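To start, the structure under review is shown below, and the notes come after it.
The values are calculated or read from the model by the stated rules, or taken from the named source; none is laboratory data. What you see is a predicted model; the values in this text were computed from it and never measured. Cβ sites come from the backbone with ideal geometry, for glycine too, and all protein chains shown count toward neighbours.
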């Protein structure tokens, strides 16, 4: 049975070139990058070359890139440090953010008593810009944290517009760019963003590697203590092979971006077309969504909701109900809860997310699998 992977918003298949790059580092450049002998210097060179490569692709300085284990860690560090070190008194976010943001914000509210405001979400899944402006009119040191591409429905934030509004009100802007890095061009120095985060495994790199962008001039305190690694901000011996793999993955993602974006966009269009053809009452959750994410409300009965993923999995087809962090949960998606009516929340919604490794045959198999249910 051929296995079909249509859950690329959860994680992606590692490119073979990335695997080869990591194996080479593991075999030949195993030195500790903090050591001064030749083995250490060789590892350090790979580390800093990778940093320069990531920075160049993201349109920023190498000094503004801090390597982390993942974007969740980076978001935790940035938000906590904003409250502790930058004296942020209020955070503006939305109820459709990733739990890495939402749970961190709730913890900061509980621990430090900071004020938290949630910007309204429109039926399209995007934020209400007018409401954001109203919220920013309040006084007090503020940080706005909003994601670029929603990981469940693919709603896209106009980060240039939002960032500009934030800076007009002297607010800091943290953007979760996990779903868009490697899939869209970036020039961070031309964007009004103070902080951005990414995870390598979302752009065909290894798990366990990510980075934070911290705009030059913003001083944060260390996230981990114990060494001088990452400018003293994140102590611990760096996973050089993971970082090298991440840099290679990002390089390849942008090298092939134009053709792969077109391939994936065509697949998404084909999938939506076939779903609407075979299931007359199907609805797409969100509008004007990112090119690799399709979230659909299926016209199936409520009792079939619990078994739909199981049945597809038995046919070798991987999709998800929402975020990979909560796809096993029986609770409705916190994202869909903001945009769907109560009766629609009881029906099955599927997140289908694509990569350049997918084919039209994969889509046909998904349609057949759903028809079987």
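Structural remarks
- Within segment 29-43, the only residue that satisfies the criterion of being part of a helix (DSSP H, G or I) and under 13 Å from residue 242 (Cα atoms) is 43.
- A count restricted to segment 144-187 and to residues that are crowded, with 24+ Cβ neighbours inside 10 Å and at positive phi stands at 2.
- When 352, 363 are screened for being modelled with pLDDT of 95 or more, assigned to a strand (DSSP E or B), in contact with a strand residue (DSSP E or B) (Cβ under 9 Å, 6 or more places away or on another chain) and under 15 Å from residue 296 (Cβ atoms), only 352 passes.
- Residue 133 being over 23 Å from the mean Cα position of the chain (by Cα) and farther than 24 Å from residue 222 by Cα: yes
- Residue check: residue 311 meets all listed conditions (1) crowded, with 16+ Cβ neighbours inside 10 Å; (2) modelled with pLDDT of 90 or more; (3) farther than 28 Å from residue 182 by Cα but one, namely (1).
- In segment 211-228 there is no residue matching the filter, namely being crowded, with 18+ Cβ neighbours inside 10 Å, touching a strand residue (DSSP E or B) at 6+ places or on another chain (Cβ under 7 Å), modelled with pLDDT under 95 and closer than 16 Å to residue 35 by Cα.
- Matching residues, segment 316-333, being modelled with pLDDT of 95 or more and surrounded by fewer than 19 Cβ atoms within 10 Å (Cβ to Cβ): 316, 318
- Condition check for residue 352: more than 22 Å from residue 95 (Cα to Cα) and buried (at least 18 other Cβ atoms within 10 Å of the Cβ): no
- Scope segment 343-358; condition under 27 Å from the mean Cα position of the chain (by Cα) and either without any contact (Cβ under 8 Å) to a residue 24 or more places away in the chain or under 14 Å from residue 318 (Cβ atoms) (or both); matching residues: 345, 350, 351, 352, 353, 354, 355, 357, 358
- Residue count, segment 110-132 (criterion: surrounded by 15 or more Cβ atoms within 10 Å (Cβ to Cβ) and in a helix (DSSP H, G or I)): 3
- Subset tally (residues that are part of a strand (DSSP E or B) and within 20 Å of residue 202 (Cβ to Cβ)) for segment 246-296: 3
- Qualifying residue in segment 161-170 (condition: assigned to a strand (DSSP E or B), in contact with a strand residue (DSSP E or B) (Cβ under 8 Å, 6 or more places away or on another chain) and either more than 27 Å from residue 9 (Cβ to Cβ) or assigned by TED's automatic domain parsing to the domain that holds residue 216 (or both)): no
- With respect to the conditions (1) buried (at least 21 other Cβ atoms within 10 Å of the Cβ); (2) touching a strand residue (DSSP E or B) at 6+ places or on another chain (Cβ under 8 Å); (3) in contact (Cβ under 8 Å) with a residue 40 or more places away in the chain, residue 231 lacks only one, and its number is (1).
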